[in-house]
Amino acid sequence: MEFNELKLNSDGLLPVVTVDYKSNQVLMVAYMNKEAYDKTIETKKVHYYSRSRKCLWLKGETSGHYQILKSMLIDCDNDTLLLKVHQQGVACHTGALSCFYREINIDTKEVQEIQQQDNENVLSIFEDVYNVILDRRNNPKEGSYTNYLFDKGIDKILKKVGEETAEVIIGAKNEGNEEVIYEASDLIYHLSVLMVEKDVTWNDICKELDKRR
């Protein structure tokens, strides 16, 4: 995409959000002009436009804390750039990894209520899967893979849990997170079968986890 295809702000600049390519942690927010945009693509070292100095700025030029470009994404309105980078050293001039290290105190009651709702929604999915598995055990269905596992017994279930654990490990070694999501879902399903077999509920697990907080 050429720079002239992008929508600039009133200063003729493009806002840029820069994140760590592995953790997705926001490192900083800055701006680019055409020269910074082109130089970044050309050198794969991130350049910005300094509004205070009114000049091109190679991140890390004086500190050695370069940002190596891994990917570049544009938002749906073509007016904000997202860079994923390998941060050498730290991003902030204060010595902090990210420029966003200070928290503003807010009323967290509503936030906690929303988080509680999210937690309940996630747990409800786990419980729904668990209840389907429990129903299969109590009301066998011909051709059901779940019933196949129960029929084969605890050793087969444990073997599958072990195999799926290994698949998660293998998937985590590859780029991206699609394989981890897929394999972790398989693992959670087979773990749920084991839990039903052993009469362990998600409530039991949550109580144990709550003790460890």
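Which GluC sites (Glu not before Pro) from segment 118-186 combine a DSSP loop assignment with at most 10 other Cβ atoms within 10 Å? Those satisfying the criteria are 142, 175. Placing unit charges on each Cβ (+1 for Lys and Arg, -1 for Asp and Glu) gives the chain a dipole about its Cα centre, and among 94, 189, 62 the Cα reaching farthest toward its positive end belongs to 62. To the nearest ten degrees, helix 178-197 and the longest principal axis of the Cα atoms of the chain are 20 degrees apart.
On a 0 to 90° scale, report how tilted helix 109-138 is relative to the longest principal axis of the chain, with both axes built from alpha carbons and the result rounded to the nearest 10. Helix 109-138 sits at roughly 40 degrees to that axis. Charge tally around residue 156: other residues with Cβ under 11 Å, Lys/Arg +1 each, Asp/Glu -1 each, net -1.
Dipole check for the chain: with +1 at the C-beta of Lys and Arg, -1 at the C-beta of Asp and Glu, and the Cα centre as origin, the magnitude is about 960 Debye. Within segment 124-208, the ratio Rg/Rh, alpha carbon atoms throughout and Rh by Kirkwood, equals 1.00. Of the three principal axes defined by the Cα atoms of the chain, the extents in descending order read 72, 40, 33 Å.
A straight line joining the Cα centroids of segment 135-160 and segment 14-92 runs 53 Å. What chymotrypsin sites (Phe, Trp or Tyr not before Pro) does segment 36-112 have in DSSP loop regions with at most 13 other beta carbons within 10 Å? Those satisfying the criteria are 101.
Values quoted throughout were computed directly from the atomic coordinates according to the rules given, and no laboratory measurement underlies them. These numbers come from a predicted model, not from an experiment. Neighbour counts are summed over all protein chains in view; Cβ atoms, including those assigned to glycine, are modelled from backbone coordinates with ideal geometry.
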